[in-house]
Amino acid sequence: MLTKIIYKNFRSNLKNYILFFLSNIVASMELFVFRGLKEIVLQIVKDTETAFLFRIDFTMALGMISVITIMLMAYAMIYYLKSRIRDYGLFIMMGMHKRMVFSLMLIEYVLGWVFSSILGLILGTGILYGIQFLLHKIAPLYFVRIVTADLNIYVYSIKFSIGIMIFTFFAVIVWIENHNLSSLIQAEEKIQKCPQKGYWTIAVIIGIILSVIAWFMFPSYEEVHYDAYFIWIIGGFLILTFGMGVLLEEIKKHEQFFYLKNVLQINQFSSKYQNNLMLLLMFFVIHFFALTYISTEISSLLPIEHYKAKNYPYDMLWMANTSEQKYIDSLADKTKITEIPMMRVTSVSRDQQIGISESYYNKLTGKTLHLKNKQIVVAMQDQNHPNRIVKDRTFQENYRIMYTGRYSDDKSEELHSIVVKGKRNENSAQSKRHLYKIKKMYTENVIGQYTTNRWSESLIIFSDKYFEKEYKRIEQTKNEPSKLILIKFNQGNKRNLWKEIRTYSTKHGTKIINDGNEQNIIYYTESFVKTQQTLLMFRLLSKVFILTALLLNSIFIMEIKVESEIPSYKKKQEFLRCMGMQKKERKALYLLEMQSVGMISLAAGIFMSVIHFIACLLRMEKAGEVNKWNFTKYWLVACLGYIALELLVQRGFALYITRKIEGELKDENKCIRS
C-alpha cells in the first residue's frame, strides 16, 4: 500500500521531483569535483609551487561551494516538501498516523536523495576525469598524469550530503510538528512579517564588527587572510539580512516620502522576506566570491606576459660547488661568466634563498650596506616591481628565522619549534643560532626572478665577517652549492651550451636530495619564462573555471526560484488584472519582483568587492608588488564582465517567466470572480 502511494505521489509530482533531483545532482557533482581537484592537484601538476597555488584556489572554491551546496540542497528539499505539505496534511486528516506520514516523507526523500546523489557522483567522476584528460593532452609536461579519484573523495561527498539531508529533514519535521492541520492543508502562502525588534539592529552591529575584523586580518600574506573571506561572508550576510529587515520597516514609517509611491514593489519583497533569506545568502556567497577572490586573482595574473626574457640580466643561473671549478673555467672562452661565492639559505617557510656577502653584492650593484654581525638585507628578485620597500610582517618573520645550508628536515623542524615556542624562547642558544636581524627588505632585479612568489630565491646579503665564517663550513660540505654562476650566452650557441651545462650538472653537479622541498639549482631564463607563461595561463583558466561554476550556480538557483514561484505569480497576475492594472504595469512589477533578490545580493556583493579591492591594494603595497593602474584596470574588466552577465541572466529569466504567465492569459478583459 505504501509503495503504491509513493509511486502515485511520484507520478503526480513529477515536475517538483525533477527540480529536487536536479538540485541534489548539481550539489553532489560540484562538491565531488572541487573536493577531487583539491586532493589530486599536488599529484597531477609537476611544478610543486604551481600545484600549491592551484590547491589554494580549489580549497577556497571548495569552502564556498560547500556553503552553496548546503543551502541548495536544503532549499530544494524545503521547496519539495512545501509543495507536498498539503497532501501530507490530507493524509493526516484522513486518519493516517503522523508517524506513518513521516515515514512516507522519509522514504520519498531518501529514495530521491540516493538516486540523485549516485547520478551526481557519476557525473562528477566523469567531469573530474575529463578535466585531467584535457589538461594532460594540452600540456603533458606540466600536468604529468591522470589520477583516479580516491575513495576518500567519494566518502567525503557522501557523508557531507547525508549530513545535509538529515539536518534538513529533521528541521522540516520539527516545523510540521509545530503547525496544526489547517495550516498544513491551506494552499495559500502566509504573509511573513519583517523583523521589528531592536535586537536585529544588534545583529547588524555584530556584522559590521566582523567585517572590520576581517579587514584587519586581510592586509597580510599570513594564511589567516584566507579566513577573512569567510568572516566577511558572515558579517556581510548579517548586515544584509538583518539590515534589510530594519531598512524595510524604516521605509514603511516614512509613508509620505517613498513607501506609498512604491508600495506594491516594496510589499512584494517584504511579504516573503523570510522565504527569501536563504536565496539571499546563496546569491550573496556566489557574488561575493566571484567579485572578490576570483576577480582580484584574475587581475593579478594579467597580463600573461608577466615574465619576459628581455627583463632578465642573465641567460642562465647555476649553483655549483668547488668540485666543478675546472668545468666552470672551461666555459670562460664560450660565454660571459660572473662567479660569486654563495651558500644556500633555508627560511622558516622551508623555501631556499641565495646567500652572498656584502662585498660581492657591492660588486653586482654598487650598493654599500654597512652590515654588522648577523644583520642581513633581503633583496627579493622582482622584474615587474623593482625598488619597492617590503613591509609585510609575514615576510619579515619568514626571513628573520633561517639556517645556512640546503634544505634539511631536522633543521626545518628546529625553525618550526622556534616559531611555535614564541618570542619568550628566542634567547635560547638554539634560537639565537637561527635568528637574524633584518636591516632592509626590498625588491630589485639583480640576478633575475626565478620564482613565482616572494618566498624563495631571494638574495640574502650577509656581513662579510659572518658570511666568511659560514662559507668555510659550506665549502667543505659535500653536495652543498658554494658558487653562484651567472651566465650570458652568445646568441649563436645559446641553446646548445645550455643543454651541455645542464647535462654536465645532472651527471656531475650538486644533486637534489629532497625532491619536492628543494628549489632547482640551475635555471635557463628562456625555458623558465616560457614555463611560467604557460602555467600562468592555466592558473588563469582555473580561475575562469571556478567563475563559470559560480555563474552556472547562480543561473541554476535562479531557475529553481522562478519555477517554484510560477503558481504564486499566476494568482497574483489574476488578482492585479482584476484590480484594473494594465499589462505594461504588471510586467514591470513582475520584472522588479523576480529580480529583487538577485539585485539586492548583487549590490551587496559589489559593495563588499570594493572594500576587498582596497584591502588587496594595501596588502600588495606592503609586499611591494602592486602596479595600481594595471591591477585596477583588469579588476574593473573582470567585475564589470561578471556583473553584466549576471544582470543579463536575471533579466532573461524574468522576461521568460513574465511572457509565460502573460501568454497563458487568453482574455485580458475577462475577470474570474469568486
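Since every read-out is calculated from the coordinates, none of them should be taken as a lab result. No experiment lies behind these values; they were computed from the predicted model shown. A quick note on method: Cβ atoms are made from the backbone with ideal geometry, for glycine too, and the neighbour counts reach across all protein chains shown.
A compact table of results
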{"item": "Extension reserve of the residue 636-residue 570 stretch, reckoned as 0.36 nm per residue once the Cα distance is removed", "result": "19.8 nm"}
{"item": "Ranked packing of 451-458, 369-376, most packed first, by mean Cβ within 10 Å", "result": "451-458, 369-376"}
{"item": "By average C-beta atoms within 10 angstrom, highest first, the peptides 315-321, 362-368", "result": "315-321, 362-368"}
{"item": "Full-extension gain in nm, residue 428 to residue 479, via 0.36 nm per residue minus C-alpha separation", "result": "15.3 nm"}
{"item": "Region 291-374: GluC sites (Glu not before Pro) in DSSP coil with no more than 15 other Cβ atoms inside 10 Å", "result": "305"}
{"item": "Distance between modelled label sites at residue 416 and residue 599, nm, 7 Å Cα→Cβ extension", "result": "5.4"}
{"item": "Cross-link pairs 432/622; 437/507; 374/511; 439/499; 483/530; 363/494 - those with Cα-Cα distance over 31 Å", "result": "437/507; 439/499"}
{"item": "Calculated FRET efficiency for the pair residue 362/residue 325, C-beta based, R₀ 30 Å, to 0.05", "result": "0.80"}
{"item": "Relative contact order (percent, whole number), region 292-412, Cα cutoff 8 Å, 6+ residue spacing", "result": "31"}
{"item": "³J(HN,Hα) computed for each position of region 604-611 - Karplus, 6.51 cos²θ - 1.76 cosθ + 1.60, integer Hz, glycine/proline x", "result": "5, x, 5, 4, 5, 5, 5, 4"}
{"item": "Calculated FRET efficiency for the pair residue 488/residue 591, C-beta based, R₀ 60 Å, to 0.05", "result": "0.35"}
{"item": "Distance (nanometres) between label positions extended 7 Å along Cα→Cβ at residue 118 and residue 465", "result": "7.7"}
